[in-house]
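Okay, so here's the structure we're looking at.
Values in this text are rule-based calculations from the coordinates and carry no lab data. Just so it is clear, the model here is predicted, and its values are computed rather than measured. Note that each Cβ is placed from the backbone with ideal geometry, even for glycine, and that neighbours are counted across all protein chains shown.
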C-alpha cells in the first residue's frame, strides 16, 4: 500500500486518544464491541474492524441494530445492555456522531465510547466519548474529508498499526482493502483522492480475495471475480448484501462477509440472492404507488410522499428512483401509526441535509449527507414538513436541483468494440466524481421496441457509421415516452461491457433523452 499517498491517520481528531485507549484495553483484557450500521458501508466497516482488532489481540464482538425495531444509529437501550453484559468499550463505525443522548448515557454508566463516523457533524457535538474520529469535525487536519465510514475505520486500523506494528506488519493491511473498497464504492462517496486509491487497490485485492463471502457473492451474481469492477460492487454485490437489512436483519450479510468456510458462505449468498429478488419486487410495487401519488404534487419542487404499507427498508431505493425520474429531491415515508420512518434522496447538487436541518424541530431523529438522509417523524407532522420544505426553497435551491448531464464526446463505431471496452477499462474505477464517460448521439432513430415484463423498458435503434445499433433505455415509458413517436432525438449514452453466452460485447445504455431541438 503506497502510504506516501495516504494521509497520516493521526491527523484525524482524537485519533491518539483512541489508540491509547485501545492499547490499554488490550493490556487489561477487557471486552470490546464494534457497533455498526446495517448498510454496506457499516457492514464492511464492522467486518474489517472486528477482523483487525482480533488480530490486535482484543476480545471483540459485533453489534448491528435492527432497522425495523431500532432504526439507524446508536441506541441507549442497546448500549446499556452491552455495558451490563460486561463490555468495556464500544467502537462505532459509520454511525454515532449525532447520538448526543445515547453517548452521554453510556458515559454516565461507565461505558467507554470510541466514535468513528463520516456523517455530517451536528451543531452540538456529543460529549463524554473517549474519542470522536470524523474528518468533518472542526479542527480536522486530515487531507481527505470525504472518506466513507469504512475509510475512517481503516484510518484507525492504520493508526494502531503505526503504534504497534508487531500485530500487523506493514503491507499486510492490504488484505483488508477489499472490504474498504466495497464499502467506499457502495456508499457513493467521491472516487477521487484517497478514496480512489482505496478503491483501486481494494479491487485488486478483491480479484484474488481469500474471503469465501466474496467468492460466493461472485457465484450467485454471475461475476467473474478476476474481472471484478466497481460497477459489480455497486450493482451486483451491494444490492444482495443490502437486501438482508432491507427485508429482515442485516446479520445475514454480516455473517457472509465474516464467513471463513465456503459451504456456509454459499448458503448465505443464496439466501441473500433470494432476498434481493424479493426486494426488487417490493421496490417496483412501491415505486408505482409513489409515482401515482407524486402525480398529485407535480407543482411541488420537492416530493414528500408517504404510505401506510411502504416498507421503510426500501424507502431509499424508491426515493432515489423518483428523484432521478422527476428531477427533484424526494422523501419517502412509511406511516407506522404515530410515527413514520423513511429516507430522502437529492437531485442535482441540492444539499438535502441542510434543508432537513432547517426543519430540525419537526423530526424525532434524522441524519445523513448532502445527497441522502434518513429520518423519523411524527405522522401528524408530514404535511407540515411538506409545506415547510416547499416554503424554504428559493431560486438558488431550484437551480441546484437541476440535473446536469455532462457529455464527453459523440459516439463512434470504433468505441463499439472490445478495443473500445479495453480503453474504457483503463479509466476505472468509476464512481461518484469520476463517472463513466457519457457519449452522445444526435439524429434520427429507426424505432423503439418495448421490452421487459411490463414492457416499460425500450430498445432504441439508430445508426452509427452506417450500421444499426441498439441501446437499452430503462423505464423509458415513464421517463421518455416521446421516443416512440420521435424522428430525431438527442441521447446521452453509457458504454458498458455485456456478456452473452460467455462472450463479452459492448452494450449501450440510454441515461438521458430529449427530443431534438434544432
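Where does each of 50, 150, 100 land when they are ranked from fewest to most other beta-carbon atoms within 10 angstrom?
Ascending Cβ contact count within 10 Å gives the list 100, 50, 150.
So for each of 173-182, 470-479 I average, over its residues, the number of other beta carbons within 10 Å; can you give me the resulting order with the highest mean first?
173-182, 470-479
Evaluate the range 240-280: find the radius of gyration of its Cα atoms, find its Kirkwood radius, and give the ratio Rg to Rh.
0.96
The range 101-168: Rg/Rh from Cα coordinates, Kirkwood Rh?
1.01
Considering every Cα-Cα pair within the range 118-228, what fraction, in whole percent, is farther apart than 22 Å?
42 percent
Based solely on its DSSP helices, what 222 nm [θ] is calculated for the chain when runs of n ≥ 4 H residues each add -39,500 (n - 2.57) and the sum is averaged over all residues, nearest 500 deg cm²/dmol?
For the chain, the value works out to -11500 deg cm²/dmol.
Would you work out the relative contact order for the chain, in percent, from Cα pairs under 8 angstrom that are 6 or more residues apart?
Contact order relative to length: 10 percent.
In what sequence do 409, 375, 80 fall when counting other Cβ within 10 Å, fewest first?
409, 80, 375
For the range 187-317, what mean projected area does the convex hull of the alpha carbons give, in nm²?
Average of the hull's projected areas for the range 187-317 equals 9.7 nm².
Jot down the radius of gyration and Dmax of the range 68-148, Cα atoms only, both in angstrom.
Calculated on Cα positions, Rg and Dmax stand at 12.8, 39 Å.
Mind jotting down the three principal axis lengths of the range 161-202 based on Cα atoms? Whole angstrom, largest first.
34, 17, 14
Stretch residue 394-residue 215 to full length: gain in nm at 0.36 nm per residue minus the Cα-Cα span?
Extra length from residue 394 to residue 215 when fully extended: 59.5 nm.
In Å and whole numbers, how far do the C-alpha atoms of the range 372-518 stretch along each principal axis, longest first?
The principal-axis extents, from largest down, are 57, 37, 35 Å.
Just subtract the alpha-carbon distance of residue 291 and residue 500 from 0.36 nm times their residue separation and send over the number in nm, one decimal.
71.9 nm
In nm, give the distance between the simple-model label positions of residue 124 and residue 482, each being 7 Å from the Cα along the Cα-to-Cβ direction.
It works out to 5.1 nm between the two label points.
For the peptides 394-401, 8-15, 453-460, what is the packing order when you average, over each peptide's residues, the other Cβ atoms within 10 Å and list the highest mean first?
8-15, 453-460, 394-401
Counting other beta carbons within 10 Å of each residue's own, what order do 310, 450, 480, 500 fall into, fewest first?
Neighbour counts put them in this order, fewest first: 500, 450, 480, 310.
Consider a paramagnetic label point 7 Å from the Cα of residue 30 along Cα→Cβ; state which residues of the range 121-164 have an amide N under 17 Å from it.
Those under the cut-off are 128-132.
So what's the gap between the Cα centers of the range 332-373 and the range 1-64, to the nearest angstrom?
29 Å
Using the alpha carbons of the range 298-401, what is the convex hull volume per residue in cubic angstrom, as a whole number?
Cα-based convex hull of the range 298-401, divided per residue, equals 85 Å³.
Taking each pair of distinct Cα atoms in the chain once, what is the resulting Kirkwood hydrodynamic radius in Å?
It works out to 24.2 Å.
Calculate the spin-label point distance for residue 263 paired with residue 138, positioning each point 7 Å from the Cα along the beta-carbon direction, and give it in nanometres.
5.8 nm
For labels at residue 514 and residue 225 in the simple 7 Å Cα→Cβ model, what's the distance in nm?
Calculated label separation equals 4.6 nm.
When you have a sec, figure out the Kirkwood radius of the range 14-135 from all distinct Cα pair distances and drop it here in Å to one decimal?
About 14.1 Å, per the Kirkwood formula over Cα pairs.
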